[in-house]
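**Student:** Questions regarding the structure given below will be posed in turn.
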Amino acid sequence: MAPPRKPKQSAIKSKASSSSSSELPAPFKLAPEKLKPLYSNLSKKHVYVAHVDSRPRDFKRKIFVVPVLMNVAVALLFALRMWYVAPWYLRVVTSTLGYANETTVRAADLSWRAGALLVLRRCFTFILDFSLAVFVWPWPIEFVFGPIMAKDARGTGSPVGWRWVIGFRDQEIYVRRSRSWDQALGDVTADAAEGAEGRERNVLWAHVREAMSPLLLQQKTGYLTMNADWDLDWSAMVHATTLVDTEIVPLDTFRSLVLLHHKQHGWLILELATSETPKEEERRRQVFAFRDALQALGKEDLFYRWIEIIQYETSQPGGFSTERQAEVAQKVRDLFKASGIDFDKFWKESVGTDTIDGL
């Protein structure tokens, strides 16, 4: 009698994978294999969110210039401070070793008041330089080379390294990772009926929804989405961009992506449900593109007055008939004309669609 055949390893793996996937609640899914080059380099302790910033590259370049100039200024001021105070510290050290110089002081030669002032002055100098060395000097170092003190932040890269690799693009992938709030999360895939796990899932949902809010992502460019709950992972952004450049993963995968690690299931993605239809999303994009164009001209007040007119007229009793629509459209055109702007032409140039969408 022939011994029973052993099932193929791939079949076992496939069966285990499908059973593991079926055990997951609806919002969670196993992360696709094509994303493995990305999540294999991520920390299992954190939650990651990714989105695509579609603002013009020139705008992103201007935003990035601000931290560059700030860090250059900090480095120069620190170097100037060191050039000024380093010789003094050298003389203080040599004085303590028994080599008298202008910093050497004999307590018997000073009055009580003069001695106290001298001690306070030197203490202030020591505290000031210690604070600069510990809290300020790391700024330009981390901006260029990445975090050097926080062990949990190793491997996250740096802003300069990220820009050096990907440059400035019209379509940029931004990856953020959770900060300290994720330490309290347990098994977020457990049912809410089980108590604490349900509350922890609510915490996860609250932070993720806030981070991926369409309004937030429209109002802020990706570089400015860092806050007390989320930090940008520069290295992950480079990896994600490389996956898109090499056509391993399509860009749309990162438009709304949430990644987290589960001890039993491995890396998971959290699907974000949205109540907006594609048409509603496009309308929202048009509105914010129109607002940004008006802001660039210093005419942001026109945007809000336009919104007020549309909201007021559409809320009036009697419905928004064709005749009313024509009247409101003319009112909007007159409003913009009074400020020297041709509404039809400006909408077409800034949004790229027919004027009727704005009227």
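**Student:** With each pseudo-label sitting 7 Å past Cα toward Cβ, what's the Tyr99-Phe130 distance in nm, one decimal?
**Tutor:** 2.5
**Student:** Report the local net charge at Val134: Lys and Arg +1, Asp and Glu -1, summed over other residues whose C-beta lies under 15 Å from its C-beta.
**Tutor:** Once all neighbours under 15 Å are counted, the net charge is -1.
**Student:** Which FRET efficiency value, to the nearest 0.05, do you get for Ser321 and Phe288 by plugging their Cβ-Cβ distance into 1/(1 + (r/R0)^6) with R0 = 35 Å?
**Tutor:** 0.80
**Student:** Taking the simple approach of a point 7 Å from Cα along Cα-to-Cβ for both Val65 and Arg333, what is their distance in nm?
**Tutor:** 3.8
**Student:** Mind checking the full-extension length gain between Ala79 and Asn202? Use 0.36 nm per residue of separation minus the Cα-Cα distance, one decimal, nm.
**Tutor:** 39.5 nm
**Student:** Over segment 278-357, how many percent of alpha carbon pairs lie in each 10 Å bin up to the one with the longest distance?
**Tutor:** Percent of pairs per bin, in order: 17, 51, 29, 3.
**Student:** Next question. Taking the Cα centre of segment 29-143 as origin, work out the dipole magnitude from +1 charges on Lys and Arg Cβ and -1 charges on Asp and Glu Cβ, in debye rounded to 20.
**Tutor:** 560
**Student:** Let me ask another. Just to check I understand the Karplus step: with θ = phi - 60° and J = 6.51 cos²θ - 1.76 cosθ + 1.60, what whole-Hz values come out for segment 65-82, glycine and proline as x?
**Tutor:** Couplings: 4, 4, x, 4, 5, 4, 6, 4, 5, 4, 5, 5, 5, 5, 5, 5, 5, 5 Hz.
**Student:** Applying the Karplus parametrisation 6.51 cos²θ - 1.76 cosθ + 1.60 with θ = phi - 60° to the phi angles of segment 29-42, what ³J(HN,Hα) value in whole Hz is obtained for each residue in order, glycine and proline being reported as x?
**Tutor:** Residue by residue, segment 29-42 yields 9, 5, 5, x, 4, 5, 8, 4, x, 7, 6, 5, 9, 9 Hz.
Values in this text are rule-based calculations from the coordinates and carry no lab data. These numbers come from a predicted model, not from an experiment. Positions of Cβ are backbone-derived with ideal geometry, glycine not excepted, and every protein chain shown enters the neighbour counts.
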